[in-house]
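Visitor: Handing you a structure now.
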Amino acid sequence: MTDCLFCKIINGEIPSQKVYEDDKIYAFNDIDPQAPVHFLVIPKEHISSALELSDANAGIVAHIFATVAKLAREMGFADGGYRVVNNCGADGGQTVGHLHFHVLAGRNIGWPPG
Ligand code: 5GP
Ligand code: ZN
């Protein structure tokens, strides 16, 4: 999608610090990190939010979680633990309209959310 911030990050129009990439997904550091490790994982296909997931396209979510587990081991935060967050819609706190999962690690993240 031409005016989508994260689509522009995927195609390199907007620079980002890459954490991981394959043919289906892209992961990059959040510009405003909330933990020592804070990156975002996004599908290369434009999906506007978790609300747009269905059986037809939800396989990408399994791929994202499996990749995050692999990255946790490779990047050294598997033992400490981590949190994967998806914000959906206005009340969910979503500010960018391209499906993304936050990966937070490196400190105790705390619960419940604010
Ligand atoms: P949301 O609030 O939609 O769940 O998360 C959007 C996230 O995208 C925020 O954590 C915000 O810091 C991050 N973000 C917004 N614009 C940019 C950008 O241009 N580059 C990067 N790397 N992250 C961004
Ligand atoms: Zn997009």
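Just so you know, all these numbers are worked out from the coordinates, no wet-lab data involved. What you see is a predicted model, and the numbers here were worked out from it, not measured in a lab. Don't worry about glycine lacking a Cβ; one is built from the backbone with ideal geometry, like all the others, and counts go over all protein chains shown.
Visitor: Along each of its three principal axes, how wide is the spread of alpha-carbon positions in region 1-44, in whole angstrom units, largest first?
Guide: Cα extents, longest axis first: 31, 21, 13 Å.
Visitor: Which cross-chain or sequence-distant (5 or more) residues have an amide H under 5 Å from the amide H of ILE25, H modelled 1.01 Å from N in plane?
Guide: LYS44
Visitor: Note down, for the chain, the three equivalent ellipsoid semi-axes (square root of 5 times each alpha carbon gyration tensor eigenvalue), biggest first, whole angstrom. Please list the in-between numbers first.
Guide: On the way: eigenvalues 90, 54, 44 Å².
For the chain, the ellipsoid semi-axes come out as 21, 16, 15 Å.
Visitor: With +1 on the Cβ of every Lys and Arg and -1 on the Cβ of every Asp and Glu, and nothing else charged, how large is the dipole of the chain about its Cα centre, in debye rounded to the nearest 20?
Guide: Values: 8 positive and 13 negative charges, 66 e Å.
Dipole about the Cα centre, nearest 20: 320 debye.
Visitor: Under 5 Å between amide hydrogens, which residues at least 5 positions from PHE39 or on another chain qualify, with H placed 1.01 Å from N in the peptide plane?
Guide: ASP30, VAL103
Visitor: If you don't mind, another one. To the nearest Å, what is the center-to-center distance of region 67-114 and region 1-64, using C-alpha atoms only?
Guide: First find each Cα centre; the distance between them is then 13 Å.
Visitor: Something else about it: Ordered by residue, what ³J(HN,Hα) values in Hz, to whole numbers, does region 103-114 give under the Karplus form 6.51 cos²θ - 1.76 cosθ + 1.60, where θ = phi - 60° and Gly and Pro are x?
Guide: 10, 10, 7, x, 7, 6, 6, x, 7, x, x, x
Visitor: In bins 5 Å wide, starting from 0, what share of all Cα pairs of region 30-92 does each bin hold, as a percent?
Guide: Taking every Cα pair in region 30-92, the percentages come to 4, 13, 25, 24, 19, 12, 5.
Visitor: While we're looking at this one, here's another question. Any idea what angle helix 59-75 forms with the longest principal axis of the chain, computed on alpha-carbon atoms, 0 to 90 degrees, nearest 10?
Guide: It works out to around 40 degrees.
Visitor: Compute the distance in nm between two label points, each set 7 Å from the Cα along the Cα-to-Cβ direction, one at VAL84 and one at ASP23.
Guide: Distance between label points: 2.1 nm.
Visitor: So what's the net charge close to ILE25: Lys and Arg +1, Asp and Glu -1, counting the other residues with Cβ under 13 Å from its Cβ? All intermediate terms of the calculation are to be shown ahead of the outcome.
Guide: Numbers: positive: LYS18, LYS24, LYS44, LYS70; negative: GLU21, ASP22, ASP23, GLU45.
Summing Lys and Arg as +1 and Asp and Glu as -1 gives 0.
Visitor: Considering only ASN108, PHE6, ASN57, whose Cα is most displaced toward the positive end of the charge dipole of the chain, charges sitting on Cβ of Lys, Arg (+1) and Asp, Glu (-1)?
Guide: Going by the Cα projections, it comes out as ASN108.
Visitor: Say the dipole of the chain comes from +1 at the beta carbon of Lys and Arg and -1 at that of Asp and Glu; which of GLY80, ALA27, SER48 then lies farthest toward its positive end?
Guide: GLY80
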